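Contents: one structure, followed by commentary.
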Amino acid sequence: MSTVLRHMFSGISLAFAITILLGSVVYTLFPISDWNFLLEEQLLDFPIAFVVPFLVFIMGAFFGLNSGISARKQLNLIDRTLKSIEDGRQVNMKEVSTLELKAITKRMEGIQQQLGEKIRQSQKMATEKAVDQEKRIQEIISQERNRLARELHDSVSQQLFAASMIMSAVNEVREESETRESKQLKLVEETIHQTQLEMRALLLHLRPAALNGKSLQKGMEELLQELLQKVPIELKWKIETIPLDKGVEDHLFRILQESVSNILRHAQANKAQILLVQRDDLIILRIEDDGIGFKMEQEKTGSYGLQNMHERAAEIGGTLKIVSLPGEGTRLEVKVPILSAGEEKA
């Protein structure tokens, strides 16, 4: 039963209860010997015995309806407020303070303050952790990355290039021949060429790149431009310039890296779209692809990459949601609340 109907029934019941109580008091003080007058006397051309209950019913229903509508408005306001708090949005408590349910209002304000404090602490810890970690491992990462790139370039990449040139020369000599052997040699040349492309993608994504002092927008655009040049996939993106703390930028950038790496290694996608925008007091990072997708039950069991992205989002007070269907692609969305300057100082 809805809130309005419950209040209407309560109002009608209360009205009849008050009427019976008052009637009992009047009867006690002024006993009535002849009850026929209730049918004989008329009000508005109807017997009093029918008019009085009807008026009581109307008045009870009217006051119950008003009370129910007011209660429903308050419950809807509470629901919207709790939804905003759940999404990490900041709530104007002056609007909520008009509620008659003062205890609930006070508790909601306390929950909002606690969540805000936890988000501030998480983002602060993430920033401190990112700065400290970057200082400690940046030199090691740079050295290891250079060593790995040099070894792969001097060995595997050069050998693949040499094999590609040899096969190209062989095929040019035999280009007029349509024998089975010639076809197989051309297939070997195409395989070597494809392996070269995969090697470039591997070198691009195995390296633990970081922002290194760049803004989040510039770092994301450079990463995507480099991908566009070296990997056969159509990329589109919309990235807004948003000032953020270092820790938040670092985590969002690494979530993008991990997600794009998953697309290239597992999704078999032809297209991908990346969106980074600010909407009200939320930062939204959305990554979509048209790949093979997967069953959501697999995501619940949790690969290391997905679990790592969930943890990174949680560390900055955000949420990560993944929607995927087999054959329909995958969409990943991260939402991170932004705290105003006044709240950060509080």
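Assorted remarks:
- Checked against (1) basic (Lys, Arg); (2) more than 26 Å from Asp87 (Cα to Cα); (3) modelled with pLDDT under 90, Arg254 passes all but condition (2).
Residue by residue, here is whether (1) at pLDDT below 90; (2) within 28 Å of Lys124 (Cα to Cα); (3) open to solvent by less than 30 Å² (accessible area, probe 1.4 Å); (4) of a type in the set (A, V, I, L, M, F, W, C) holds:
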{"site": "Ile283", "(1), (2), (3), (4)": "no, yes, yes, yes"}
{"site": "Glu288", "(1), (2), (3), (4)": "no, no, no, no"}
{"site": "Lys295", "(1), (2), (3), (4)": "yes, no, no, no"}
{"site": "Thr301", "(1), (2), (3), (4)": "yes, no, no, no"}
{"site": "Val323", "(1), (2), (3), (4)": "no, no, no, yes"}
{"site": "Val334", "(1), (2), (3), (4)": "no, yes, yes, yes"}
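- Filtered residues of the range 307-321 (kept if touching a strand residue (DSSP E or B) at 6+ places or on another chain (Cβ under 7 Å) and either open to solvent by less than 40 Å² (accessible area, probe 1.4 Å) or at pLDDT below 90 (or both)): Met309, Ala313, Ile316, Gly317, Gly318, Leu320
- Considering the range 267-281, the residues that are of a type in the set (Gly, Ala, Ser) and either in a helix (DSSP H, G or I) or in contact (Cβ under 8 Å) with a residue 60 or more places away in the chain (or both) include one that is surrounded by the fewest Cβ atoms within 10 Å (Cβ to Cβ), namely Ala269.
- Comparison of Leu252, Leu211 shows that the only residue that is closer than 23 Å to Arg136 by Cβ, of a type in the set (A, V, I, L, M, F, W, C) and in a loop (DSSP other than H, G, I, E, B) is Leu211.
- Condition broken by Lys94, with the remaining ones in (1) touching a helix residue (DSSP H, G or I) at 6+ places or on another chain (Cβ under 6 Å); (2) at pLDDT below 75; (3) closer than 30 Å to Gln113 by Cα satisfied: (1)
- Test for Gly116: is it at pLDDT 75 or above and surrounded by fewer than 13 Cβ atoms within 10 Å (Cβ to Cβ): no
- Exclusive hit being in contact with a helix residue (DSSP H, G or I) (Cβ under 8 Å, 6 or more places away or on another chain) and open to solvent by 40 Å² or more (accessible area, probe 1.4 Å), set Leu264, Leu256: Leu264
- Cβ-Cβ under 8 Å pairs, at least 6 apart or on other chains, the range 133-152 side closer than 15 Å to Gly213 by Cα, far side surrounded by 11 or more Cβ atoms within 10 Å (Cβ to Cβ) and at pLDDT below 70: Glu134/Ala210; Gln138/Ala210
The values are calculated or read from the model by the stated rules, or taken from the named source; none is laboratory data. Keep in mind that what you see is a predicted model, and the values were worked out from it rather than measured. Counting neighbours? That spans all protein chains shown, and the Cβs are built from the backbone with ideal geometry, glycine included. Side chains are part of the model used for accessible areas, which takes the heavy atoms of the whole protein and leaves out ligands, DNA and RNA. Shrake-Rupley method; radii C 1.70, N 1.55, O 1.52, S 1.80 Å.
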